[in-house]
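*Asks:* Can you read through this structure? Questions will come right after.
Bear in mind that the values in this text are calculations on the coordinates, not laboratory data. These numbers were taken from a predicted model, which means no experiment stands behind them. Virtual Cβ from ideal backbone geometry, glycine too; neighbours counted across all protein chains shown.
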Amino acid sequence: MTTTLDKLPIGKAATVAAVGGEGSLRQHLLDMGMIPQATVAMVKHAPLGDPIEVRVRNYELTLRLADAERIVVEDVRNAELACPVAPGADRDLAFEPDDPLYARARAAEHPGLGERGKFHDRATEHPLPRDAELTFALVGNQNCGKTTLFNALTGANQHVGNFPGVTVDRKDGRIKDRPQTLVTDLPGIYSMSPYSSEEVVTREFLLGAPDGVDYSAEPGAEAPYDVSRRPRGIINIVDATNIERNLYLTMQLLELGIPTVLALNMMDEVEGNGGTIEVNRMEALLGIPVVPLVAAKNEGTAELVDHALHVARFQEPPSVQDFCPSDEHGGAVHRCLHGIMHLIEDHAERAGIPLRFAAAKLAEGDPMVLRRLQLDDNEKDALEHIVAQMEVERGLDRAAAIADMRFSFIERVCEQCVIKPQESREHARSVRIDRILTGPVTAIPAFVAIMAAVFWLTFNVIGAFLSDWLEAGISALTDIVSDVMAAAQVNDVLQSLVIDGVFNGVGSVLSFLPIIVTLFFFLSLLEDTGYMARIAFVMDKLLRRVGLSGRSIVPMLVGFGCTVPAVMASRTLPSERDRKMTILLTPFMSCSAKLPIYGFFAAAFFPTMAAAVMVGLYFGGILIGVLVALLLRRTLFSGEAVPFVMELPNYRFPSWRNVGQLLWEKAKDFLERAFTVIFVATIVIWFLQTFDFGMNVVADGEGSMLAVIAGWVSPVFAPLGFADWRVTSALVTGVMAKESVVSTLSILFGSTEAIVASLSALTALTFLVFCLLYTPCVAALAAVRRELGGAWALGVAGGALAVAWIAALCVRVVVGACLAAGLGAPAIAAVIVGIFVVVFAVVRLVGAKRARKEA
């Protein structure tokens, strides 16, 4: 029976007959293993019915029903989602303990350096000079432990930067105790096809993009690759528990001809579940050193480093690059690739592209490589004739035939080298957890409960306790310093600078460090365990209603920590439309830098309901973001969101070392900001408040330079209820760093009691709403500028300011009217929610009418 994948019942498996569609999405599906003759099983539908989760090549993949409808399947049957256990075998093993392959894999000793001359001819070797810098590219799929390995190799000896033109992270580090090395941690990718910006960046880097290249620009034909800029070696880390899919990228790396070492990570899970890998045999088949590894436990990293240094020093290229036997399927693909290699040999040399890699990419129809080679019309015609002949003989289109060739080779390698375990404990555990976290009824309540628990533990328990403790310590230190300076009869102006400017200003912000670190701790746990991917799966259909993909939820959740990495995280979105829209909405997700403002005002003005106010602000930002998204979808960003194709990794315990390093980086970043940007802002504010334009010390702040400057802007905020120049000054400094708002208010008002006496509870609430939504900090605007350009950054700044002013005015009018009517807090909250519902309904109705009119 023939049907389409979207109609496959849950618990059923089928054989892929054809993969429809075209372009980069189809290529991406083929690269992920969705090729003709592959077995695919339907696991579940998302709680809202779309997208779906399928199992292909022993891993879980998500895609939307509309995309699944293009995949034709046949031979529908009951699915076997777990690997069977051989009859009579130990329940912990997938095969008999005396299986010959199992015995060889366990007994064989891994050869030493040089593999006894296996990978290069010692008689003709030309090793690099001893003092030459050995550069390595660390390459691998997402969720394979690449970050863990990078941290294990380099420790704290890292530098974080960006590739030119894009905000794709570039981490460089030197291997510990190896100062002559440099490792570049490249983005996690699945193939060398240009589906996302990460794949383009990785490919350009490995091929040796010349100096000054803009990675965001479309590659042209005029700039050949610089062979000397390629890394001396590649460390290719793969997830040994899902080796078939991971080796697909390995094959493309081998085609580059760069010395490579294969690191089989998570070998403890493979062997713990009854499987194993015959490393020596795999080395012979792949033609490169293969090293078993457990990066999380730092096991095998020393051997990996030794092998990597050796292949790089002696420049040992992969000895196997021809993956298609001449007798496979009549030799159609073999003849095609070799015919293309003869056709383009001189062009590939001029363009600086490895010949085998260029031929394979042309065969599958890669437009970037075709532009680089500058073939003339006759050569392009010859190329198309060669490919067309292969398609006829093979019975598959060009892209599917090349993908099938690679997976066929991988299957032959795995048959000879890999004892597949039974269903792993990790996968079985993930299935049990997903019954709740992605279940049809429990998924959304579980998400709300988890995020509520994160906020509650951060604001009311762990973070609040540590923050109170630190604040008490800072207050005690302030009193001690003040007493010492008074006893020493230090000048009053200098005392004011140290106590009011430094301790009250920076100290008031520093006390919120525990809350910020606690929030990042929980967010990193959600990401490292694999739950972030589930959130994207669960929320995709909901986000699609506002014009986004489920993958946009990840940058937005990161935005609760900091807008800067959230903007950078948008690079994982392959659609330019979705990326821009996500970046524009991310500032509405309340970042941790605003926590000092919320905590200060909630404790001062709403002590009995501080947690409720803070949670309400967070959800208010989300609701405003949704409303803005609906408006953007009907104006600047019409059309549908990018297809949702994503791997669902097994749940894993987080690497506490990685979590600790992330927390240290965030704490260090906050402290650097506290003692640089915030410190400078605090000193500037103190100076402007203390002196007038004649450089005379003022007895009253109203005569200061700051009062005069803020007075020019204050009328804009008069309708919102905070025309006080001191409040306006705090908002201005908040553009530099949101943490500066509290420090500025502390300096200008002198005490919390003075602030409470000067502002009403309604004005404080209006102020909180404005701070929630107004212009992001300078660092966030700089990130937007790097990603989208200066015009978009100005648009974000002005747009957020306008939205904040309108929202704050609405809150002031509505809450003021409710208070005048004698309504309590629950009734006021209900009124606000009701207004939101009405506004959403009107926007959707207008949008639906417009869509019908356009149709």
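*Asks:* For segment 707-770 and segment 4-69, what is the separation of their Cα centres, given in Å?
*Replies:* Cα centroid of segment 707-770 versus Cα centroid of segment 4-69: 54 Å apart.
*Asks:* Another question about this same structure. How high is the FRET efficiency from Ser228 to Met368, r the C-beta distance, R0 25 Å, rounded to 0.05?
*Replies:* It comes to 0.70.
*Asks:* Let me ask you something else. Quick one: if the Förster radius is 35 Å, what FRET efficiency do Val708 and Leu477 give, using the C-beta to C-beta distance and rounding to 0.05?
*Replies:* Step by step, r from the Cβ atoms, then E = 0.55.
*Asks:* Let me ask something else about it. For q values of 0.14, 0.20 Å⁻¹, compute log₁₀ I(q)/I(0) with the Debye formula on a Cα-only model of segment 760-850, without solvent.
*Replies:* -0.68, -0.97
*Asks:* Also: Amide H of Met646: which non-local residues (sequence gap of 5 or more, or other chain) have their own amide H closer than 5 Å, using H built in the peptide plane?
*Replies:* Thr62
*Asks:* Moving on. Mind pulling the angle between the C-alpha long axis of helix 243-254 and the longest principal axis of the chain? Nearest 10 degrees, somewhere in 0 to 90.
*Replies:* That works out to roughly 80 degrees.
*Asks:* So how do 403-409, 299-305, 587-593 stack up, highest first, on mean other-Cβ count within 10 Å?
*Replies:* Result, highest mean first: 587-593, 403-409, 299-305.
*Asks:* I've got another one for you. Quick one: if you stick a label point 7 Å off each Cα along the C-beta vector at Ala428 and Leu457, how many nm between them?
*Replies:* 2.7 nm
*Asks:* Run the simple label-point estimate for Val716 and Val392 please: 7 Å along Cα→C-beta, distance reported in nm.
*Replies:* 7.0 nm
*Asks:* Something else now. Can you tell me the Rg and Dmax of segment 2-82, counting just the alpha carbons, in angstroms?
*Replies:* Spelled out, the Cα radius of gyration and Dmax of segment 2-82 are 11.3, 33 Å.
*Asks:* Amide H neighbours of Glu299 under 5 Å, counting only residues 5+ apart in sequence or on other chains, H built in-plane at 1.01 Å?
*Replies:* Val294
*Asks:* Which log10 I(q)/I(0) values, to two decimals, does the chain give at q = 0.05, 0.09, 0.10 Å⁻¹ under the Debye formula with one point per Cα?
*Replies:* Once normalised to I(0) and log-transformed, intensities are -0.33, -0.98, -1.15.
*Asks:* Roughly how big is the chain's charge dipole about its Cα centre, with Cβ charges of +1 (Lys, Arg) and -1 (Asp, Glu), in debye to the nearest 20?
*Replies:* 2220 debye
*Asks:* Let me ask something additional. For Ala284, project a label point 7 Å along Cα to C-beta. Then give me every residue of segment 297-328 with its amide nitrogen under 15 Å of that point.
*Replies:* Only 320 fall inside the zone, counting backbone N under 15 Å.
*Asks:* Another question about this same structure. May I ask you to evaluate 6.51 cos²θ - 1.76 cosθ + 1.60, the Karplus curve with θ = phi - 60°, for each residue of segment 199-207 and list the ³J(HN,Hα) values in order in whole Hz, giving x for glycine and proline?
*Replies:* 5, 5, 4, 4, 5, 4, 5, 5, 7
*Asks:* Counting pairwise Cα distances across segment 356-505, what percent come out greater than 27 angstrom?
*Replies:* 68 percent
*Asks:* Another question about this same structure. Once the principal axes of the Cα atoms of segment 564-623 are found, what is the range along each, listed largest first in whole angstroms?
*Replies:* 46, 20, 13
*Asks:* Follow-up question, since we're still on this one. Counting Lys and Arg as +1 and Asp and Glu as -1, what is the net charge of the other residues whose Cβ lies under 12 Å from the Cβ of Leu585?
*Replies:* Its environment carries a net charge of +2.
*Asks:* At 0.36 nm per residue, and after removing the present C-alpha to C-alpha distance, how many nm does the segment from Ser496 to Ala604 gain when stretched out fully?
*Replies:* 36.5 nm
*Asks:* In addition: Which cross-chain or sequence-distant (5 or more) residues have an amide H under 5 Å from the amide H of Ile234, H modelled 1.01 Å from N in plane?
*Replies:* Amide H to amide H, under 5 Å and 5 or more residues apart or across chains, Ile234 pairs with Ala137, Thr260, Val261.
*Asks:* Rounded to the nearest 500, what is the chain's calculated 222 nm mean residue ellipticity when only DSSP H runs of at least 4 contribute -39500 (n - 2.57) each, over all residues?
*Replies:* The helix contribution divided over the chain gives -17500 deg cm²/dmol.
*Asks:* Write down the Å³ per residue value for the convex hull defined by the alpha carbon atoms of segment 470-600.
*Replies:* About 124 Å³ per residue, rounded to a whole number.
*Asks:* Once you have the Cα-Cα distance between Leu794 and Ile835, take 0.36 nm times their residue separation minus that, and quote the gain in nm to one decimal.
*Replies:* The span from Leu794 to Ile835 would gain 11.8 nm if fully extended.
*Asks:* Using the basic label-point model (7 angstrom from Cα toward the beta carbon), what is the Glu379 to Asn298 distance in nanometres?
*Replies:* So the two model labels end up 5.2 nm from each other.
*Asks:* Which whole-number percent gives the relative contact order of segment 328-419, counting Cα pairs below 8 Å spaced six or more residues apart?
*Replies:* Relative contact order of segment 328-419: 33 percent.
*Asks:* Per residue of segment 645-658, what does 6.51 cos²θ - 1.76 cosθ + 1.60 with θ = phi - 60° give for ³J(HN,Hα)? Whole Hz please, x for Gly and Pro, Karplus curve as stated.
*Replies:* 10, 7, 7, 9, x, 5, 5, 9, 5, x, 7, 5, 5, 5
*Asks:* Give, in whole angstrom and from largest to smallest, the semi-axes √(5λ) of the equivalent ellipsoid of segment 328-419, with λ running over the eigenvalues of the Cα gyration tensor.
*Replies:* They are 25, 16, 10 Å, listed largest first.
*Asks:* Just rank Cys324, Cys336, fewest to most, by other beta-carbon atoms within 10 angstrom.
*Replies:* Starting with the residue having the fewest Cβ neighbours, the order is Cys324, Cys336.
*Asks:* Relative contact order for the chain using alpha-carbon pairs under 8 Å, separation at least 6, rounded to a whole percent?
*Replies:* 11 percent
*Asks:* Let me ask you something else. Would you compute the Debye intensity of segment 289-342 from its alpha-carbon atoms alone, equal scatterers and no solvent, and pass along log10 I(q)/I(0) at q = 0.14, 0.25, 0.31 Å⁻¹ to two decimals?
*Replies:* -0.62, -0.92, -1.15
*Asks:* Report, in degrees rounded to the nearest 10, the 0 to 90 angle that the Cα long axis of helix 595-605 makes with the longest principal axis of the chain.
*Replies:* Long axis of 595-605 versus the principal axis of the chain: about 30 degrees.
*Asks:* How would you rank Arg544, Arg551, going from fewest to most other Cβ atoms within 10 Å of each one's own Cβ?
*Replies:* Fewest to most other Cβ atoms nearby, the residues stand as Arg544, Arg551.
*Asks:* In what sequence do Ile386, Ile340 fall when counting other Cβ within 10 Å, fewest first?
*Replies:* Ile386, Ile340
*Asks:* To continue, here is another question. Between Glu411 and Ala699, take the C-beta separation as r, use R0 = 60 Å, and let me know the FRET efficiency to the nearest 0.05.
*Replies:* So, using R0 = 60 Å, E works out to roughly 0.10.
*Asks:* Normalised by the empirical 2.2 N^0.38 Å for globular proteins, what value does the Cα Rg of segment 244-391 take?
*Replies:* 1.25
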